[in-house]
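Values in this text are rule-based calculations from the coordinates and carry no lab data. None of the values given here were measured: they were computed from a predicted structure. Every residue, glycine as well, gets a Cβ built from its backbone with ideal geometry; the counts of neighbours run over all protein chains shown.
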Amino acid sequence: MLNDSYKILGVDEYATDREISEAYFALRKKYLEERFAEGEKGNEAAKMLTKIDSAYDEITRYRRERSGDSQSYSLYKEVDTALKSNDLQKAQSLLDSFDERTAEWHYLQSVVFYKKDWVNECKKQLEIAMNLEPENTKYKQTYERLNNKINAQKASYSQGQSAQGSKSAQGHPQGNFDEPQMGGDSCGEFCCRLAICNICLNCCCNCR
């Protein structure tokens, strides 16, 4: 997987070609020296040489095939920077300037929507990104973790509702859980916010 190749070299997908080459040759130098070590250290170094060679080949091949999209890479980098500084207007303006809306475009758009508290739209954009590139590890893990957290929040809410019902039966006042939460959103949507907050901050807006 391409994402794994970036991780092996210790760079992210927004790294420049020069940064990728520098990371590759630094690692190669390191493991070339260590491969002559005795025992497991030497064996591990030999394995890592194979891994970094494969990773570098995969990344450079992919970028050559998409060399016509070099401008898009630059724009994605700008969107990433705008999101980190919480400049949503600039991020949205940059996204609107794209001619082609790729999976990464929808992924970054989901981050913008999250920061605007547009939970449903955020989730839809994540789903589109995953549908366009179903084998993309980043999108799959983000979506899976999102669903896990939403389910956990719903379970926690259900337990709290049951506890409140028990208190009401004993003469304690019962809260109205049908009341809108967080400025008019339902509890389910609030749960989504909590979930996406953790995920987007960790997985997108790192954004590395």
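List the relative contact order of the stretch 2-65 as a percent without decimals, with contacts defined as Cα pairs under 8 Å and 6+ residues apart. Write out the running numbers ahead of the final one.
On the way: 54 pairs, mean separation 26.6, N = 64.
So the answer I get is 42 percent.
Measuring from label point to label point, each 7 Å out along Cα→Cβ, what is the N43 to E127 span in nm?
That separation, rounded to one decimal, is 4.8 nm.
Please report how far the C-alpha centroid of the stretch 2-21 lies from that of the stretch 92-148, rounded to the nearest whole angstrom.
Result: 21 Å between the Cα centres.
Any idea what % of Cα-Cα pairs in the stretch 2-65 are farther than 16 Å? Write down the numbers at each step before the final one.
Numbers: 843 of 2016 pairs.
I get 42 percent for the Cα pairs in the stretch 2-65 exceeding 16 Å.
Once fully extended, how much extra length lies between K154 and D99, figured as 0.36 nm per residue of separation less the alpha-carbon to alpha-carbon distance? Intermediate values should be presented prior to the final figure.
Numbers: separation 55, 0.36 × 55 = 19.80 nm, distance 3.89 nm.
Full-extension gain reported as 15.9 nm.
Give me the one-decimal nm value for the distance between modelled label points at K29 and K7, 7 Å along each residue's Cα-to-Cβ direction.
2.7
For the pair K84 and D117, how long in nm is the line joining their label points, each one 7 Å along Cα→Cβ?
Calculated label separation equals 2.7 nm.
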